[in-house]
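Quick notes on the structure that follows.
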Amino acid sequence: MTRKHQMIRAALFLSLAFWAANASAQTKIDFAGGGAMVSGDIDLGGQKTSVSGSKEKFQEYRDLRDGFLLNELRLNLESESKPYYFDFLIKDATRGDESYKAKGGAYGKWDIGVSFDRTPHNFNTGTLILDGAGNGRLTVANQIQVGLQAVEQTRQERGGLALVDTTGEDAQQQAIIRNILGATDPTTFRLERERAALTMGYNVTPEVKTWVKVNQELRDGARSIGAGTYERYSQGAAGITHTEDQFVVTGMELADPINYRTTTFNAGGGIYKKSWQADLEYTLTDFDNSNSALRWGNPFRTTDLGAKDAVGGNANNYDRGRFVTGQMSLAPKSQSHDVSASGSVELPMHSRFTGNLSYGMTSQNELLLPYTLNSGIAGIGGAPANVTDVAALPTSRFNGEIRTITQSYALTTKPTEKLGASLKYRYYDYSNRSESILFPGYAAFGESYWRVFKNDVTGANDGVVRNDPASYVRQTAKLSADYQVAQPVTVEVDALWDRYDHKNQRIDGTNELGAGAGFVYKPAATASLKGSYHYARRAMMNYKLGDTAVNPEATGLVNYNWADRVRHRADMRFDASPAETVSFGVGGQYQDDSFGASDRFGLKSQKNLIGSVDATYEPSDKVSLTASYSRERRKGRMQSGAKDDAFDVAGSGLDDSYAANTVNPFNYWDTEIAEDVDTLGFEAALHPIPEKL
């Protein structure tokens, strides 16, 4: 599959000085019992955008509008006789990514600042047949539920072929859904982040400083998520005659509500000497979610019912997802505390050592949801008779606690004018101390049947239903050095170590080693050439065998972020200024990642190639013109396979070498996705009063 995106942005920016009646960029006024200078500037612009492809992706975190724009307004006020000052800044006014800042105080003594900014996040546009997007309860009209349930085709009616509309009811359901979709306006799934902050600083002495910061962030909106299940119709007997599986897939798109409030309080102080410095600070973060759960009406049901077998008996095979109201828990309220200390000291031979140590704790105590709201499975297959009641749970709350320790250290040195080196080390301990709860089972298969194991695997390897608090420790170290071989040439080398150690995961850890080299060539003050190459190899440590209680995934499937990986990356950049008025640059990057060479499934490769060129022409100090173009080519390959519990013909020459095999080798396939992204930009700037801007 190939996807193409073309992004074109043309803009004309006009920068004018902010002046008073005398048309100057600055003027004098009375302030704080004396004179003060006021200066500022305003940046106005006109913009036209053309997007071919996903508009939401192009404007994912920004608001690019056509027409006249107020890009920036800046105002500065400084007392001539006293140390007082005031700064005011507006960026992208009235837009979805606007920003406002104001700060004032006395130089070297105290300051107070306030700010407000907004940032959009555009996800995608789709059609949602449920009402209430952005809230914790999604509803559907009762007549829709009645109409769709009336034309439900069960497994008994369908027979053994999923793709055959035996009763004609599939066509009737599809017609109803198409009519609903055709009569429903599209919904753009997006969120808006608003952040307000207050900062205060006070210097006890010029070398002893204190501060307090308070900010609150509100996120409001909705993003699309999917929910559903499937039914497998096996075709043919077990073994090599089992050549096909057919599926009935039931599911729908939901609107995940985002109504978050995050409040942060930070206070600290530090001592800042010429040869050393140290500071200590405390941070409190309180997270609140207005919605503890998402509940939605099932358009296909007006009555609760459990799953069935081929002849209508209670089982988990067919007729799944037959609940009236579905549910899922959302991000819980939480509170975190963090204490950190940092410092640095100068050492002989133009060296410096810096260090940081922090300890954090995050906790939550949210009420648990009931197993399900589907009363149709109560008392069936081992389910409690009161399965829809929270009283059936082994505990009413989840006591979650995460503790973190972060350490980072760096030693930099420049013993000679030509030689420089640095050594950096970072340690991060993520310790999950949440309670582990053993459940008797859970509502599975579209909340339509009780399951006493969290996964179905071969033999007696099924895992009990229990949350396993996962923890890990990450350590990274990097050694780098640069040396000026000759006046125009500097060479650089570096080495990298990155290790993860996991607990309660399907892998013990990963270990990555890498090295690289580069150069900077400056034959003249007006030209430079930079290049580098880096190689890294990541190796898994004891990835648990699949088809077991500790790893229910298919044998041979490995998460790509844990898989063995070999990375090659090369960068090159050339810049030149052949004349005082002209400068240009050409750059490129190539990265090739190969994943899981010994694994039969998962992401196998990812290749990225980027090329760019840009040029600037400045005929005078009042006018500048810039043009740029870049092209990015992304290409990934994934190897997949379909699960087949009925296929295991060891020794026949048709099966693969995996003993615990639940995948038919005839059902392997590769997927290759390629993307091309072209970005073209133009910019013109006019500075009528350049010495003031």
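Bear in mind these aren't lab numbers, they're just calculated from the coordinates by the rules spelled out. Everything numeric here is computed off the predicted structure, so don't read it as measured data. Quick reminder, even Gly has a Cβ in these numbers, built from the backbone with ideal geometry, and neighbours come from all protein chains shown.
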Taking Cα atoms, the helix 169-182 axis meets the longest principal axis of the chain at an angle in degrees (rounded to 10) of 20 degrees
Cross-link reach from residue 607 to aspartates and glutamates, straight Cα distance under 15 Å and at least 8 residues apart if same chain, gives 571, 592, 593, 632, 672, 675, 676
Residues whose built amide H sits under 5 Å from the amide H of residue 97, excluding neighbours closer than 5 in sequence, are 63
Looking only at aspartates and glutamates whose Cα falls under 18 Å of residue 544's and that sit 8 or more positions away or on another chain, we get 456, 462, 468, 501, 508, 553, 564, 599
Once the dipole of the chain is set up from charges on Cβ (+1 Lys and Arg, -1 Asp and Glu), the residue from the list 88, 394, 497 lying farthest towards its positive end is 88
Residues meeting the amide H criterion for residue 546 (H placed from the backbone, H to H distance under 5 Å, 5 or more places apart or on another chain) are 556
Highest mean packing first, using Cβ neighbours within 10 angstrom, the peptides 320-328, 493-501 sort as 320-328, 493-501
Projected onto the charge dipole of the chain (unit charges on the beta-carbon of Lys, Arg, Asp and Glu, signs +1, +1, -1, -1), the Cα from 532, 175, 151 with the largest positive-side position is that of 532
Note, segment 602-617: 3J(HN,Hα) by Karplus (6.51, -1.76, 1.60, θ = phi - 60°), whole Hz, Gly/Pro = x, goes x, 5, 9, 7, 9, 10, 10, 10, 10, x, 8, 9, 8, 8, 10, 10
Filtered hits (aspartates and glutamates, Cα-Cα < 15 Å from residue 91, offset >= 8 within chain) -> 41, 43, 63, 72, 117, 194
Beyond 32 Å (Cα-Cα) in this structure, taken from 213/333; 48/213; 55/424; 522/622, we find 48/213; 55/424
Note on segment 534-626: contact order normalised by length, alpha-carbon pairs under 8 Å, 6 or more apart, percent, works out to 24 percent
One would report the antiparallel percent of DSSP beta bridges in the chain, rounded to the nearest 5, as 95 percent
Whole-Hz Karplus couplings 3J(HN,Hα) for segment 211-225, θ = phi - 60° and coefficients 6.51, -1.76, 1.60, Gly and Pro as x, run 7, 9, 9, 10, 9, 9, 10, 10, 10, 9, x, 7, 10, 7, 9
